[in-house]
Amino acid sequence: MDELRKLPGIGARSAERIAFHLLKTGREEALALATAVSDIKDKVQPCSRCFNLAEGPLCHICADPRRDAGQVFVVEQPKDLLSLESTGLIGGVYHVLMGHIAPLEGVGPDDLTIAALVQRVRGGGVREVVLATNPTVEGDATALHVSSVLAGTGVAITRLARGLAPGSHIEYASRAMLEEALRGRREV
Ligand SMILES: [Zn+2]
């Protein structure tokens, strides 16, 4: 219960419920959870191409030949990727920046995966880069920086538009909001 309570969103009551559930549950189910927890630390690593969470060198999206590798959605964190994936509207692939530019927190462009993105675009095969950072001050600043370093590479650079209110987060956006933001993306 002490360990469960350290998890985000789990209070004392929930920790108690989960602990008692695990006591009652079959050995197989309980061990499946334990194995999954241990795999997070042992097997999960950043995808070598897009920095999404992966269990091998490439994540399941980069490894999927049905995805359009020419359209790259640039997001701040893996959670944003999951939100966009949940719309079922993305046929392209992703690039996870692993954060956003925040000078006050000491996070600059070099702390993100921007150089890897530029290299990926220069490597060819990318037609459109969709800036899907959050519509916050930091997200906008990051999008601006990414678009400036990609200028001259010849790819179309678009930004998610309407639907996402300024200051909101992709992670918490509804499917309808994300759909509108995706459809209304504009060239930057
Ligand atoms: Zn990947």
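The values are calculated or read from the model by the stated rules, or taken from the named source; none is laboratory data. A quick note: this is a predicted structure, and the numbers were derived from the prediction, not measured. Positions of Cβ are backbone-derived with ideal geometry, glycine not excepted, and every protein chain shown enters the neighbour counts.
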Hits in region 21-42 - residues which are loosely packed, with under 12 Cβ neighbours inside 10 Å and outside any helix (DSSP H, G or I): G26
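Can you pull out every residue in region 144-172 that is farther than 20 Å from L81 by Cβ and modelled with pLDDT of 85 or more?
First, pick out the residues of region 144-172 that are farther than 20 Å from L81 by Cβ: 144, 148-149, 151-154, 156, 162, 165-167.
L144, S148, V149, A151, G152, T153, G154, A156, listed by residue number.
For region 17-35, does any single residue satisfy the condition of being away from the ligand (no atom under 15 Å from the Cβ) and of a type in the set (D, E)? Break it down into steps so the answer makes sense when it comes.
Within region 17-35, the first condition is being away from the ligand (no atom under 15 Å from the Cβ), and the residues that meet it are 17-35.
Within this subset, residues satisfying the condition of being of a type in the set (D, E) are 28-29.
Yes, there is a match, as at least one residue in region 17-35 is away from the ligand (no atom under 15 Å from the Cβ) and of a type in the set (D, E).
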Among (1) farther than 13 Å from E76 by Cβ; (2) buried (at least 16 other Cβ atoms within 10 Å of the Cβ) - the single one V149 does not satisfy: (2)
Among residues of region 102-128, those that are free of Cβ contacts under 8 Å to residues at least 24 places away in the same chain, surrounded by 12 or more Cβ atoms within 10 Å (Cβ to Cβ) and closer than 17 Å to I157 by Cα, counted: 0
Any hit, region 67-82, residues being more than 12 Å from the chain's Cα centre (by Cα) and free of Cβ contacts under 8 Å to residues at least 40 places away in the same chain: yes
